[in-house]
Amino acid sequence: MSDMPTADQRSPGAIAALSGLSAVADRYDTLFCDIWGVLHDGLRENAPAGEALERFRAQGGTVVLVTNAPIPQAAVARLLDKKQVRRQAWDAIVSSGDVTRSLLVERGGGGVFHIGPDRDLSLFADLPTARAPMETASVAVVTGLVREETESAEDYLPQLQQMRARYLDLVCANPDRVVHVGDRLLPCAGAIGDLYEELGGVVLWAGKPHAPIYDMALAKARALRGADIDKARILMIGDSVRTDLAGATAYGLDALFVSRGIHRDGADDNEAAALMLREAGADAIGVTPFLRW
């Protein structure tokens, strides 16, 4: 058995340094694992992370990848293949794109105004509603910036002001504000969602840290394991304090903080990591620079 302290045994603000997933793996039946920043860096697989998830599954555990990718799970799987992420590392995928699709079906009867690049168009595949101009749409969705390498959220202010004048709700298909692609830090759809809220618009957040994506992941894990699952036996692994860690804490899950992902320039020691968590209202059973066994 692991000698790691439980959340109730740790002192407030304490965070343990973990050598790897093996230190706590026997406490959990199911892992919810983030993808970008944990399993790959935007370009290729983080091999030790893939190995760790594969070994957890080999011991009878279930791994559900929980991602803020604004595309359906099948499209996420194809991207993982392109980045050479081993298929043996996971059992299922739940994406914010999946949550977004359900919201668009509910609200998009008059059509959907889309902000985002063409690479995200798989989001609309086989939906009973279609993309539409802003003037006739009944809801808007943002999947990202069209040219994220050269644009910022403020470039979309004129469109957002027009949407606000029409009282369009905005579904944010990716609540992340920024993402690392290799060594580059690029803006995400969450930055546009934040700006729309500042204008007084209504934003429906589809992914982490909000509960609907965790509900979907829990349902998927229950189906895979063929039984109910105690939340105390689920570990969320992620690199974003604002989405992965805060979301897991609010949902009642333990979490493991991978500090050398999105926060690689700020969580360079355990004290800094603990401060980040406290400021976000999040908790973690431990911190590790990279996911490894």
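Just rank Tyr167, Tyr156, Tyr214, fewest to most, by other beta-carbon atoms within 10 angstrom.
Listing Tyr167, Tyr156, Tyr214 from fewest to most nearby Cβ atoms yields Tyr167, Tyr156, Tyr214.
To make sure I understand, if each residue's beta carbon is the centre and we count other beta carbons within 10 Å, what order do Lys220, Lys82, Lys231, Lys208 fall in, fewest to most?
The order, fewest Cβ neighbours first, is Lys82, Lys231, Lys220, Lys208.
Return the percentage of antiparallel bridges among DSSP beta bridges fully within the chain, rounded to the nearest 5 %.
Taking every DSSP beta bridge with both residues in the chain, the antiparallel ones total about 15 percent.
Using 1/(1 + (r/R0)^6) with R0 = 41 angstrom and r between the beta carbons of Leu199 and Ser22, what's the FRET efficiency to the nearest 0.05?
Efficiency, rounded to the nearest 0.05: 0.30.
Arrange Phe56, Phe257, Phe290, Phe124 by Cβ neighbour counts within 10 Å, fewest through most, would you?
Lowest count first: Phe290, Phe124, Phe56, Phe257.
Calculate how many DSSP beta bridges within the range 103-205 are antiparallel, expressed in % of all such bridges and rounded to the nearest 5.
The answer is about 25 percent antiparallel.
DSSP H helices in the chain with Cα extent of 20 Å or more along the helix axis and mean Kyte-Doolittle hydropathy at least 0.0?
Answer set is 211-225.
Check cross-link reach from Lys83 to the lysines: straight Cα distance under 26 Å, and skip same-chain residues fewer than eight apart.
The qualifying lysines are Lys208, Lys220.
Laboratory data are not the source of any read-out in this text; all were calculated from the coordinates shown. All values derive from a computational prediction rather than experimental measurement. Note that we place each Cβ from the backbone using ideal geometry, even for glycine, and neighbour counts take in every protein chain shown.
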